[in-house]
Structures are given as C-alpha cells and as structure tokens.
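Undergrad: Below: one structure in structure tokens.
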Amino acid sequence: MKKTVLKKYADLLVRRGVSLKKGQCLTVFASVDQAPLVKEIVAAGYKQGAKAVSVEWSFDEIEKLHYKHQSLKTLSEVPNWKIEKLKNRVETLPARIYITSEDPDGMKGVNQAKIAKARMATYPILKPFIDQIENKEQWCIAGAASPAWAKKVFPGLKKKEAVEKLWDAIMQTSRMCDDPVAAWDEHNKNLKEKCDYLNNLHLKELHYTSSNGTDFRVGLLDNALFLGGAEKTLGSNIVFNPNIPSEECFTSPKKGEAEGIVYSTKPLSYQGELIENFSIRFEKGKAVEVKAEKGEELLKQMISMDETAGYLGEVALIPYDSPINKTNILFFNTLYDENASCHLALGMGFTNCIKDYEKYTKEELNSMGINDSMIHVDFMIGSNDLDIVGETIDGKKIQIFKDGNWAF
Ligand code: ZN
C-alpha cells in the first residue's frame, strides 16, 4: 500500500480510532509484517502529542513454536515481568491499537487442547487486571493486509495482487476518503440514531427466523442499551471508535433467556482455525447442542472453556446491505465478517451496555444478567431473508429486520 495512504489510515486510527489525548501513552500491537503501517501509527501518535509510543510485536510462526515446545506447565504460568507490565497498564491507562492481519489458518497443526488448557490456567491470573482496565481506556482494532491472509481471501490471485486487493477492501470498508475523520463522525451519528430508535422501543425479546432453519428467541434486559459506533471512556469521557470498521448496533442480552436454533452464515475463524457450516441450539440461555461440518470439536471446546462460555454475551444487528457485505468478500476475519452480518457472541457480555453502568460494581452488573466469561466469540447468523420481530415490555410486536435489512 502507498505510503501516503498508510499515513492517512494511521492518522484515522490515532485521531478517531483511539482519539489519543496529548500527553497520553499509546501501545500498538501488530505482527512483524506490518512494520510500514506501524511506523506511520507511531509517527501519528507523536504528532498527536503522545508521551511515549510502544510497540508489541508478534509473529504467528513464533507463537506456534512456543505452543509446540513449551510444556503445558510453562504455558500455564504468567511470569513476573508480565504481571509488572499489566500493573503498569492499569496505572497509566495507555490507549491501545490492535492491528489484525493474521492468517486465518495460522495456528493449524497446533494442539488446540493445549492452547485451551493454557488459556484456562492463565485467565484467572490476568482477569483482575482486565477488570481494572475495563471501560477506562481507549482501544481500537483495525486491519492490515498480510500475504497469508490475502491469499486465503483471494486464492486465485498472485500474492502481490492479493495483498493490494485486500488493502483496497480494508481502506474502502474503513471509510477512507478525502476526510475519513469527518466520514466517521457522520457514520457515528447515523449509528446513534438507529440505536436511539431501538432503545426507545423498550424491547424485551427478539425473535429471529430465516429459511436456513434459524428459529431463535433471545431475551433483552430492561435497563440495557443498544450501542453503536463511538463509545466513551469511563471517568475521562473520551469518545473513541473501538472497531474500524463498525456497522453494528449491539447490546448484551439477558443471561438465561435464549431458546431455539441458529445457523451460521459465515465461517468462524477461532484460535487460528476455521469452523464452518455450524448450528447452535440454545435452552434456557445456554448452548446445549452444536453441530459443524468442519471444526465441530473446536466449537465444542470453545463453549466449554468455562462454565459460562455457552451463554450469550452479545446480540448485534447489521443490515445485509452493509457496505462490507456489498464488497462480496469473505474476509475470514471477525472484525470484517461480523460487520457484514447480524451476529451473536458467545461468552462475556459488555457491562457498559447497562444504563448508568458506572454507578454499579462489576459484580452487580453481572448479577443483573450480563454474562461474564473468559471468551467472547462473535459468529455470524445474518442472511438475505432474516426476519427479526421484537416484542416490547408492553407486549407489542414490532418488525425490526425484514429480508435481512432494517425494517424501519
Ligand atoms: Zn459485535
């Protein structure tokens, strides 16, 4: 990608993505193949007045070696230097930019049960730090084209062409234009209008039906809001965009209220492996049966990562005609595919969906019906004939989606 375009993209991520404040620290997480973009992000960070910008590099091939050669015991420990780093993050609250560019099949061949066990062991050690940071600092996930990812998306093209084409799709879906920051302000406004409409309905349930077999009801919380686009940090009230792109209006459903079956409409890339053509059946809010043409074992393992991994954490509404779906590209990356289609997420819910959430403790928010889990995995269920009917607290039925798109 051209340097001028990377520069503009970096500027968007720093100014609108995390809305970096003067004197704040910035941390960028990226794969080593994204050095040209990361350099521009670091430069944009300093231009915005960053106190210090740090970069945390990763490389799938090296991760694989760690998982292969380290014992489960070693993988299950969190060394002291990592704890110190987390303590520092809690104290200084740096803005964080995550660049996703990974190969959707990048962890193929790695012992997935070993990865899962290691994650289960380290999570309780990391969780107190995650909880202390939650909702307090700006973060943003955005994409960058890598050769392995591009070849997965465009298998028929030569590597160089595939990378260029994926970059073009990333730029287009990220609303890169003459003035991307202004385009995002406008987009945030539109998403907020949609959310306001939904919030004024006072919905208690959504009922999904589609010709692919989906027939599913999910309960909503009386005091939970639909959110979309920009969010605000707790305390410092900084408005930022956690996902670029983002097309969704989402909320956290009521734990324990989900019945029926949903069929996936896009493959799910989970821990570097693909799960395809799957269905999940829910009873009393919990996934009780899963089937998949590919990756069924991995899906079963995913919903049993902890006691609450089988409960829902997110319900998101995205029209079938979203700009991302219109690209007709299957990205094999959740950031893009989740914004192309209505989706649900298994696992952790968003406490900031509760109205005036800052007045409650995390425990109180969870006991209201927001699920807590070590996983949060989005999966796509939007189709071109998806119907969603909402029921309000006073028993009125309102069409929310008709033929895959907003009905209002
Ligand atoms: Zn979502």
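Undergrad: Being among the small types (Gly, Ala, Ser), farther than 27 Å from ASN190 by Cβ, more than 13 Å from the ligand (Cβ to nearest atom) and in contact with a strand residue (DSSP E or B) (Cβ under 9 Å, 6 or more places away or on another chain): is that true of SER373 here?
TA: yes
Undergrad: List the pairs whose first member sits in the stretch 334-351 and is at positive phi, whose second member is part of a loop (DSSP other than H, G, I, E, B) and surrounded by 23 or more Cβ atoms within 10 Å (Cβ to Cβ), and whose Cβ atoms are under 8 Å apart, counting only residues at least 6 apart or on separate chains?
TA: Filtered contacts from the stretch 334-351: GLY347/ASN371.
Undergrad: Still on this structure, please answer the following. Given the conditions (1) more than 16 Å from the ligand (Cβ to nearest atom); (2) part of a strand (DSSP E or B); (3) farther than 21 Å from GLY109 by Cα, and given that GLU293 satisfies all but one, which numbered condition is not satisfied?
TA: Against the list (1) more than 16 Å from the ligand (Cβ to nearest atom); (2) part of a strand (DSSP E or B); (3) farther than 21 Å from GLY109 by Cα, GLU293 comes up short only on (3).
Undergrad: Same structure, new question: What do you reckon, is LEU75 under 30 Å from ASP179 (Cβ atoms) and not β-branched (Val, Ile, Thr)? Please lay out each step first, then the result.
TA: Values: under 30 Å from ASP179 (Cβ atoms): no; not β-branched (Val, Ile, Thr): yes.
No; evaluated as a whole, the condition is false for this residue.
Undergrad: Can you name every residue in the stretch 194-235 that is within 30 Å of GLN24 (Cα to Cα), touching a residue at least 12 places away in the same chain (Cβ under 8 Å) and either away from the ligand (no atom under 16 Å from the Cβ) or not in a loop (DSSP other than H, G, I, E, B) (or both)? Break it down into steps so the answer makes sense when it comes.
TA: In the first step, residues of the stretch 194-235 are kept if they are within 30 Å of GLN24 (Cα to Cα); the result is 225-235.
Keeping just the survivors that are touching a residue at least 12 places away in the same chain (Cβ under 8 Å) gives 225-231, 233-235.
LEU227, GLU231, THR233, LEU234, GLY235 - these are the residues of the stretch 194-235 that are within 30 Å of GLN24 (Cα to Cα), touching a residue at least 12 places away in the same chain (Cβ under 8 Å) and either away from the ligand (no atom under 16 Å from the Cβ) or not in a loop (DSSP other than H, G, I, E, B) (or both).
Undergrad: Okay, next question. Listed residues ALA35, ALA44, ALA10, ALA30; which is exposed (fewer than 14 other Cβ atoms within 10 Å of the Cβ), among the aliphatic types (A, V, I, L, M) and either closer than 17 Å to GLY143 by Cβ or touching a residue at least 12 places away in the same chain (Cβ under 8 Å) (or both)?
TA: Details: ALA44 fails: exposed (fewer than 14 other Cβ atoms within 10 Å of the Cβ); ALA10 fails: exposed (fewer than 14 other Cβ atoms within 10 Å of the Cβ); ALA30 fails: exposed (fewer than 14 other Cβ atoms within 10 Å of the Cβ).
Selected residue: ALA35, the only one of ALA35, ALA44, ALA10, ALA30 that is exposed (fewer than 14 other Cβ atoms within 10 Å of the Cβ), among the aliphatic types (A, V, I, L, M) and either closer than 17 Å to GLY143 by Cβ or touching a residue at least 12 places away in the same chain (Cβ under 8 Å) (or both).
Undergrad: Kindly indicate whether THR173 is touching a residue at least 60 places away in the same chain (Cβ under 8 Å) and surrounded by fewer than 14 Cβ atoms within 10 Å (Cβ to Cβ).
TA: Working: touching a residue at least 60 places away in the same chain (Cβ under 8 Å): yes; surrounded by fewer than 14 Cβ atoms within 10 Å (Cβ to Cβ): no.
Judged against the criteria, THR173 is not a match.
Undergrad: Please give the number of the condition GLN138 fails out of (1) within 30 Å of GLU363 (Cβ to Cβ); (2) surrounded by fewer than 20 Cβ atoms within 10 Å (Cβ to Cβ); (3) of a type in the set (S, T, N, Q).
TA: (2)
Each row is one residue, and each column tells you yes or no for (1) under 24 Å from ASP403 (Cβ atoms); (2) more than 16 Å from the ligand (Cβ to nearest atom); (3) out of contact with any Pro (no Cβ under 8 Å at 6 or more places or on another chain); (4) modelled with pLDDT of 90 or more.
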| position | (1), (2), (3), (4) |
| --- | --- |
| SER264 | yes, no, yes, yes |
| ALA287 | no, yes, yes, yes |
| LEU299 | no, yes, yes, yes |
| ASN333 | no, no, no, yes |
| ALA340 | yes, no, yes, yes |
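The values are calculated or read from the model by the stated rules, or taken from the named source; none is laboratory data. From a predicted model like this one, the values you see are computed outputs, not experimental measurements. In this analysis, Cβ positions are derived from the backbone assuming ideal geometry, glycine residues included, and neighbour counts consider all displayed protein chains.
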